[in-house]
1. Looking at residue A:423 and the list (1) over 22 Å from residue A:299 (Cβ atoms); (2) surrounded by 23 or more Cβ atoms within 10 Å (Cβ to Cβ), which single condition is not satisfied?
2. Check A:160, A:184, A:149 and return the single one that is in contact (Cβ under 8 Å) with a residue 40 or more places away in the chain and buried (at least 24 other Cβ atoms within 10 Å of the Cβ).
3. Can you spot a residue in region A:285-297 that is assigned to a strand (DSSP E or B), over 25 Å from residue A:503 (Cβ atoms) and out of contact with any helix residue (DSSP H, G or I) (no Cβ under 9 Å at 6 or more places or on another chain)?
4. Which residue, of A:281, A:310, is assigned to a strand (DSSP E or B), touching a residue at least 40 places away in the same chain (Cβ under 8 Å) and within 18 Å of residue A:425 (Cβ to Cβ)?
5. Can you find, within region B:28-55, the residue that is surrounded by the fewest Cβ atoms within 10 Å (Cβ to Cβ) among those that are over 18 Å from residue B:285 (Cβ atoms) and within 29 Å of the chain's Cα centre (by Cα)?
6. Can you name every residue in region A:407-429 that is hydrophobic (A, V, I, L, M, F, W, C) and more than 9 Å from chain B (Cβ to nearest Cβ)?
7. Inside region B:154-175, can you point out the residues that are in contact (Cβ under 8 Å) with a residue 12 or more places away in the chain and touching a Lys or Arg at 6+ places or on another chain (Cβ under 7 Å)?
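The values are calculated or read from the model by the stated rules, or taken from the named source; none is laboratory data. Remember, predicted model here, so these are calculated numbers, not experimental data. Reconstructed Cβ throughout: ideal geometry from the backbone, glycine too, with neighbour counts over all protein chains shown.
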Amino acid sequence: MFGRSGFGVIAVVLLLFIMGCSQHVSSPSAAEEDKNIVVAVTQDTEADKLDASTYNGSRHTHAAIYDALVDYKGKGEFAPSLAESWEISDDGRTYILHLQNQVMFSDGSPLNSAAVKFSLERAVSREENASLEISRLLQKVEAPDDQTVVLSFKDTATQVLYELSQARPYRIMSPNSVTPKGDVNGTFQKAIGTGAWKIAEYQPGIQTVLIPNDHYWLEQPSDYSLVFKVITDPQARVMALQSGEVDLAGGELGNIPMESLPVFQNNDNYVIETGSSTMSYFMVINQHNTSLADKNIRQAINYGNDTSKYAGGSGDPVRGLFQEKVAFISDSNQPSYPYNPEKAKQLIEASGYQWNKNKQLYEKDGQALQLRLVIQSEEYPEWKEMAEIFQDNMKQIGIQIHIVNQERAAYYDTLWSTKEYDLLMYRTYTDAQLPYRFLSSLFYDSPSSPGVAYQDKPLSDLLDQIAATVSTQQQQELFNQVFLRMHEEAMSVPIYYAKQTFVHSSQVVDFRFNAIEDNPLKWHYLKKEAK
Amino acid sequence: MALPEERSEVMLRSMIHRLFMLVVTFVLFSLFVFTLMRLAPGDPASMLLLEIGAVPEQSIVADLQKQWGLDQSFIQQYLAWANHVFQGELGHSFSSGEPVLSEMIERLGSTSKLIASSFLLTLFISIPIGIWMGLNEGTMADRVVYSMTILGLSIPLYWLAILLMYALGVIWPVLPVVGSSTTRHYILPVTAMTLVQSVYFIRMVRSYTIQYSKFSYIEAAKARGLRPSIFYPSYLLRSMFIPILTLITTSLPSFFGASIITETIFSFPGFSKYMLEAIFRRDFPVIQGSALFVAAFIFVFNFMTDLLYFLADPRVHLDKQRWEV
Amino acid sequence: MISIIRANKLPTAALLYIILLIITGLAAPWISPYDPFHTNHQQKLLPPSVAHPFGTDYLGRDLLSRVIHGISESVFPVFIVLSVVMLIGLLVGTWSAFLGNKLDMLMMSLTDIFTALPSMLLTIVVVGFLGFGMENVYFAVILSWWAKYVRIIRGLIHDVKKEPYITASRVSGAFGLRIITRHMIPNIMPQIGTMLILDVSKVILTLSGLSFLGIGAQPPSPEWGVMLLDGKNYLQVAPWMGFFPGFMIFLTAASFQIIGERLRRER
């Protein structure tokens, strides 16, 4: 046997070896680094599978590489993108799109109606898109000439422009992206789009490098390479920003936890950018719980909910379910419940509950008023804190809340199948720019698919009407009624209006937000200036 | 004492027996994992749809389940999967559609480097230090290192990792914080894992040393004039060989567990993180495939150490009459 | 008496600490300066001060009070979990070592399976299946740990079997149970004791790690492991949030180990 000293020698040698290795590895030279803008992302982009007609890969990368036919401008309005103009028939069944001239894909092939027809048909053929309106209702796509596309639908289609503007699956991909070329069912080879970027390099789980598309039609392409670096742990992202390994992080794609922001505030080396969002957090109410079936209690919970306390009061004032940036929302059409604990208590007592002084709770027939709140903290760590604040809010009005923090899959299982909750913390989606889609997924109630978040016939009827209405003005009136109904029945408990927060080094300049969160920044404007 | 021919025959017989048990264990294990996953709440089809932002509508969910064979009975599913495994195929991931085997292999590189280096470093550091401490029990140096190990045992891995990151990545930026591209990237993660694991090892080895140095034959050797400083440790080591080996084999899974946390925090594109995320997503083929792989590794490792037991102590037979001296 | 204390200053201090800890834990409702669940948004994230010796957390709750109330949730259950694991280990390990051959091999396969199982998966399933409640979490932890003890105890018994005094006692007519309880187990207790003591902090930390997944103590429970996990997010902004629960875990683990060391040397 060697004896102890032998081991010691080997240990030292090993250590020296490891240290020696590190000397030989060269870090990128200063000149190289300057031309890279490194962005921290939570998830791998899956760039080798980035087929525009699928949900594969991160949607932010989809939006960077592929353009949409129309762009969402905000407040329910659409701006031309690849389609420079369009006409919609009065019955909402025919859409005629006129494409921009002389737009090229990143491989030089032209953007024409054949490419659009290919992309749309491919997307419609895929099963996972089946619930979208375009997939459900599209009858045929015609390309009468190179610059015109005609979409014919089986029934009135009101969500078409909206769905076309999303990051996926209806963005336009070159027919050369698949083999055999132009085959709707072809095998995906390479992501070729008209967007400002194309994929240069992909290391799975590590990083994706995007380089500018020289044929970019809209504006001057960037001078830089864009590197999406995968960093899964939130603290690690913060530290990567501090150590300079990453130039920019935030938003949904690489979120910076709120509690870490003080690190970057009052610090000249960093800039914090805040943008508006369409995502809001709220509580889903299980109306089958006997207490919650009573409207007084639902309203009491709303009155007792002090929303200014969430996230250290950094959120915007909360009204109804949707943020102001969401289409069809105005200052006045989303009535809400102001914070009024006294009123809350009155309502509870009006329903026959008595105050138990010892327990500091309301009771009826010996049963305390208690509710089970299910949350998850994997995808949204801030929910844990918010749930505790909510628990505290409710304690003030005599309702006892039991928080159950479930693992992600169990949480979704609870929401979608077992329904073992009284309250459940949830959020509106970032692609809820037009509220119809979100409302129909969660609040639409029919015998075949009961409403997940709430079941209310008048509401479902209103949603049906919206689906059949083409005129925006008429839709607006219907939505007003929708929001009014949701408020009167206290169908949910709005909690917080999220914001988009990005942090970047002060060397990065010309930061501009985009209109939709799935495409958060105008990446091609970013530049780096040495200090 | 058996004759040489008889002995090798016995050895062969017991090896076959042992191998047979290995296979049985393997099968039982896979059955276990299979069952566990189907008992867990949450369903893979809904999880996939939710992840891509689609609504888990019943019809789509049902279709997906059919596609993945989840609508068949438990036995059917298991047999189908087992059949594939025999043909060397581990199926395709539910979320990416790629073959599980190739995805696993892609990621094994960084994980194995991580685990191997911290494993070896732990052994190289802990065994000498542990023995030395055990022999010098009660001295000032022993006490100092002892208190340091207590500290080490009280810090969870994720905290240590973040502290190291903060200290050496931010405050005094000498090392990269994320990624696994260069060897330098491995220093922080390996250090974190090694520190956490070696404190445990050091203490156990120390405890064994103290205990075993009191054993009769050691005392006898000392009485015979064996000089402590030179031969003592190696003599001791020979007798502690088996318990230390047991310690190593039972600790191997904890290295895997530690690598899961480490890979998540340092953003290593590794195998352990891959398995963890699959568990969250209920990606059955990936979970089964990777659990099988880890189990295979551990079982084979155990088997080899059992062989070492056998070689180390001739009185031990591999299977039969283990306890008869 | 005094001379004993003087000779063992450190272990006595440790023992006193543990006793104090237990008493404080039991007397928490009367001793703690504030209500550990009382939130106060004006006073969040305050550094340690006279009014709040341990500072406040992200909801303005007094950390000292939370630490005190956390004793009963973080320390007491650990005893129970480890006792159960040790009992199982002793029973099964010794039984397996003695009844030998086929049963032993079966047990070894079983332990192999359990050690190779990803404990995270096991815990998710157990909790998912049995529902919430800390008892189920403890059950899941016990399930993940028993195999290790069985394996190690069996290995230790194997060694001890060869000792001359065992053969001697067999020669003198003692058999079976007597040998086991009188001779073998007391001789392997030191190693097992060390392992148990080391595992005190490990179990506390495991429970904390489960909070990583959302399983484990639910808010607003002041369990130390959960507080430690919360503190990680505030490392740069409010380091005391993680420091104090961590320090308590350290003190507790250290005291157990010091006492354990001393007891071992006693033999």
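1. The one condition residue A:423 does not meet is (1).
2. Going through A:160, A:184, A:149 in turn, the sole match is A:149.
3. no
4. One residue alone meets the criteria, A:281.
5. B:28
6. The answer is A:415, A:423, A:424, A:425.
7. B:158, B:162, B:175
Matching residues to (1) within 11 Å of chain C (Cβ to nearest Cβ); (2) modelled with pLDDT of 85 or more; (3) surrounded by fewer than 22 Cβ atoms within 10 Å (Cβ to Cβ); (4) not in a helix (DSSP H, G or I):
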site	(1), (2), (3), (4)
B:152	yes, no, yes, no
B:163	yes, yes, yes, no
B:192	no, yes, no, no
B:206	yes, yes, no, no
